[in-house]
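Encoded as structure tokens, the structure appears first; notes follow it.
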Amino acid sequence: MTRINDNYLKLQAGYLFPEIARRVKAFAADNPEAQIIKLGIGDVTEPLPAACTEAMRAAVDELSRRETFRGYMDDSQGHEWLREAIATNDFQSRGCDIAADEIFVSDGSKCDSANILDILGSDIRIAVTDPVYPVYVDTNVMAGHTDAANDRGEYGGILYLPATAENNFTPPLPTEPVDVVYLCYPNNPTGTVATKETLAGWVDWAKANDALILFDAAYEAFITTPGIPHSIYEIDGARDCAIEFRSFSKNAGFTGVRCALTVVPKSLTGKSAGGEDIPLHGLWSRR
Ligand SMILES: Cc1ncc(COP(=O)(O)O)c(C=O)c1O
């Protein structure tokens with residue numbers, strides 16, 4: 001008999017979103033005039049930009065001709081011209097020391113933020129800011145990094161760092177040992193951005209505590225205030241302690257198209273069971 005992954009039975013999300021929908025419906029019925037800002041599951045609202053649809057048509061034409069057809073790529077990182085353009089325009093233009101061969105193009109940031117757990121140890125302890133994009137928590141539950149949830153929906157073993165009006169939605173640094181912390185700026189769902197000083201505090205903490213930051217910059221294109229970092233790599237030292245996730249879902253309306261990228265700097269290492277420092281770039285390249 002095939003054994004199931006019992007960790008999936010701990011998941012609460014199947015109950016959470018129907019419950020949010022039920023409460024929103026009841027509130028809307030009782031308050032017909034209310035304009036409700038929904039912080040549940042969302043989607044983009046605009047069609048793809050013309051630059052994208054024109055490039056897609058040209059790419060389909062290329063694939064339809066024997067002379068220009070392309071199949072599998074030489075490596076699993078994505079077209080070099082695309083990674084070069086991303087490295088130049090999204091990172092180096094902002095002073096980030098990120099090269100094209102540290103960029104991995106993928107079919108979605110949700111998948112990457114789940115798959116990254118494959119290269120990390122099975123006994124890691126994670127911290128999340130709270131509230132948080134639920135994927136970080138759920139994928140760690142599935143991977144067996146947590147205990148069951150309590151009646152507030154909080155999983156045992158996870159360190160929750162509250163983002164509240166009292167702390168201006170900027171959670172404190174962990175005071176307990178954790179191996180991995182998820183940061184999302186601009187934040188889903190609070191919309192908060194992080195200043196250079198805030199991110200520098202996180203990088204210093206991660207380096208001092210041998211922790212890994214998983215930085216989700218899915219909404220970076222919406223930062224308009226000068227001086228607010230778009231990437232964790234705008235902070236000195238981040239190359240040694242952070243992986244960054246980016247997505248084309250929000251800035252180009254690609255939620256259905258599926259295209260994203262993950263940056264794994266070559267200088268970033270983790271410990272093997274034997275105590276050896278192993279570059280995470282090499283592990284991520286193998287998948
Ligand atoms: C913070 C955050 N990261 C990642 C994603 C998912 O991105 P993708 O569509 O590339 O999987 C979302 C989608 O809602 C998100 O809110």
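Some points to look at:
- Kirkwood hydrodynamic radius of the range 174-286, from inverse mean 1/r over distinct Cα pairs, in Å: 15.0
- Residues in the range 264-283 reached by a label modelled at Asp240 [backbone nitrogen below 17 Å; 7 Å Cα→Cβ]: 265-271, 277-281
- Dipole magnitude for the chain: about 660 debye, using +1 per Lys or Arg Cβ and -1 per Asp or Glu Cβ, origin at the Cα centre.
- Modelled spin labels at Asp123 and Lys266, positioned 7 Å past Cα toward Cβ, are 3.3 nm from each other.
- Fully extending the segment from Glu84 to Val257 would add 60.2 nm, taking 0.36 nm per residue of separation and subtracting the current Cα-Cα distance.
- Within the accessible area of the range 35-152 (1.4 Å probe), percent carbon and sulfur: 51
- Separation of the Gln35 and Asn5 label points, Cα + 7 Å toward Cβ, nm: 4.2
- Surface accessible to a 1.4 Å probe, per residue, for the residues of the chain, Å²: 57
- Of the peptides 273-286, 167-180, 100-113, the ranking by mean beta-carbon count within 10 Å, highest at the top, reads 100-113, 167-180, 273-286.
- Potential lengthening between Lys196 and Ser93 on full extension [0.36 nm per residue; Cα-Cα distance subtracted]: 35.4 nm
- Modelled spin-label separation between Ala221 and Arg57, with each label point placed 7 Å from Cα along the Cα-to-Cβ direction: 2.0 nm.
- Cα Rg, Dmax (largest Cα-Cα span) when computed across the range 128-202, Å: 12.6, 37
- Above-threshold pairs, the threshold being 31 Å between Cα atoms, out of Lys250/Lys271; Lys110/Lys196; Lys38/Lys196; Lys25/Lys196: Lys250/Lys271; Lys25/Lys196
- Relative compactness, the chain, computed as alpha-carbon Rg over 2.2 N^0.38 Å: 1.07
- Inter-centroid distance (Cα atoms) of the range 90-146 relative to the range 1-37, Å: 24
- The calculated 222 nm mean residue ellipticity attributable to helices in the chain amounts to -8000 deg cm²/dmol, summing -39500 (n - 2.57) over DSSP H runs of n ≥ 4 and dividing by all residues.
- Arg70-Asp101 FRET efficiency (beta carbon distance; Förster radius 25 Å; 0.05 resolution): 0.80
- The slack between Asp151 and Ala273, meaning 0.36 nm per residue of separation minus the straight C-alpha distance, is 40.4 nm.
- Of the GluC sites (Glu not before Pro) in the range 1-96, those whose Cβ has at most 11 other Cβ within 10 Å and which sit in DSSP loop: Glu33, Glu67
The values are calculated or read from the model by the stated rules, or taken from the named source; none is laboratory data. Every value quoted in this text rests on a predicted model; they were computed, and no experiment measured them. A quick note on method: Cβ atoms are made from the backbone with ideal geometry, for glycine too, and the neighbour counts reach across all protein chains shown. Ligands, DNA and RNA are stripped out before the accessible areas are found, and what is left, the full protein with its side chains, is counted by its heavy atoms. Shrake-Rupley method; radii C 1.70, N 1.55, O 1.52, S 1.80 Å.
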